[in-house]
1. Would you mind working out the accessible area per residue for segment 217-332, using a 1.4 Å probe, and quoting it in Å²?
2. Given contacts defined as C-alpha pairs under 8 Å and at least six residues apart, what's the relative contact order of the chain, whole-number percent?
3. Calculate the tail of P(r) for segment 133-228: the fraction of all Cα-Cα distances greater than 20 Å, expressed in %.
4. Tell me what the chain gives for mean residue ellipticity at 222 nm when only DSSP H runs of n ≥ 4 count, each as -39,500 (n - 2.57), the sum divided by the residue total, rounded to 500 deg cm²/dmol.
5. Highest mean first, how do 209-217, 101-109, 239-247 rank when packing is the count of other Cβ atoms within 10 Å averaged over residues?
6. At a probe size of 1.4 Å, how large is the accessible area of T124, to the nearest 10 Å²?
7. Looking only at L72, L165, L238, which one moves most when the chain is put into a Gaussian network model with springs between Cα atoms under 10 Å?
8. Going by a ≥ b ≥ c, the root eigenvalues of the Cα gyration tensor, does segment 225-332 fall in the rounded group (a/c under 1.5), the prolate group (a/b larger than b/c) or the oblate group?
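The values are calculated or read from the model by the stated rules, or taken from the named source; none is laboratory data. These numbers come from a predicted model, not from an experiment. Note that we place each Cβ from the backbone using ideal geometry, even for glycine, and neighbour counts take in every protein chain shown. The area values use the complete protein model at the heavy-atom level, side chains included, leaving out ligands, DNA and RNA. Shrake-Rupley method; radii C 1.70, N 1.55, O 1.52, S 1.80 Å.
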Amino acid sequence: MSVVRNVELAPPSSRRGLAVLFPGANRWRVPLSVLTLCILPWVLPSQALAVNVLIYGLLAVGYNLLFGYTGLLSFGHAAFFGAGAYATGIAIGTFGVNWFVAMVVGLAVAGFLATIMGMLAIRTRGIYFSMVTLALSQLVYYTALQASSWTGGENGLRGFTVSTLSFPGFSLNFLDPLVKYYAIMIVVALALWFVSRALNSPFGAVIEAIRENETRARACGYNVERTKLLSFVLSGILCGLAGTLSAMHLSIVPLDSLHYQTSGLIVMMTLLGGAGSFFGPFIGALAFLLMEDIFSLWTTNWQLIVGVIFILFVLYLPKGIWGTLISWGKGR
């Protein structure tokens, strides 16, 4: 039995999700999600925190496509996040390309890496799949560590800045916090629209069938291996997109972005929000970043407090915050 079965996923939310709480609103889940994200800079303690919620929420959305909807537990998604960030930073800082081309390069590198890792990982199942993704991710980490002339080694990648987003006829000041937030939010909104369309397509139905019963899905004639690989690659590209946005936001790519602890952070955010729910990843990212922001002011051991809270969630709210709200709404 897969280790995924140890975590209770939300009900088939790619078909219902928000509509459970608000009947008839499923087709509006992307506009409603974007509308919710629009107000974050005005209600959170800082605009920098709001930007981080966008980036890490998108990162968790990418991971949720593989874990929450396909049922594959990966411990190596930091590789795609870091690869997208490094590729974008190197393209801007070393080769001097503009921000858009740099983002495309970051997505291409993340997609290529996801294809290679996916082709190797989907040959295994259960905990072996998780361990293979972890091992391959650490291979990427140590490769970046050794290639210090390109990546900066332990010091991370520095020396690049995106100050202006140039478009035909106008430009945006990317150093303005509000402009930066809403520029990133537009990219996130497009990613959410893509994910929503994918989940509403036959592909979305197949990956949920694989999650629920892989053997039966194969017996129904679906190409399970090819579908899992496609899900893996799309998940990696979305995580790579989050990495490109992170690099442009911070103007630095720390080596820790490739570390296995970042992979664990992605898993934690996804589970806190609700694996298998559409908006859950952003709720999870917001919850984690708020806890980090608050508890780090009290103690240097804030990870211990967050870890205890996470354990309590896994034990008593296994569907996460948003997944639990959906379940309560369904039971009305």
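1. Values: 5060 Å² over 116 residues.
Result: 44 Å² per residue.
2. Details: 558 pairs, mean separation 111.6, N = 332.
Relative contact order for the chain comes out at 34 percent.
3. The share of Cα pairs beyond 20 Å in segment 133-228 comes to 68 percent.
4. -22000 deg cm²/dmol
5. Details: 209-217: 16.1, 101-109: 20.7, 239-247: 30.0.
Descending mean neighbour count gives 239-247, 101-109, 209-217.
6. Counting only protein heavy atoms, the figure is 40 Å².
7. With Cα springs under 10 Å in the chain, the top fluctuation among L72, L165, L238 is at L165.
8. Oblate, because a/c is 1.5 or more while a/b does not exceed b/c.
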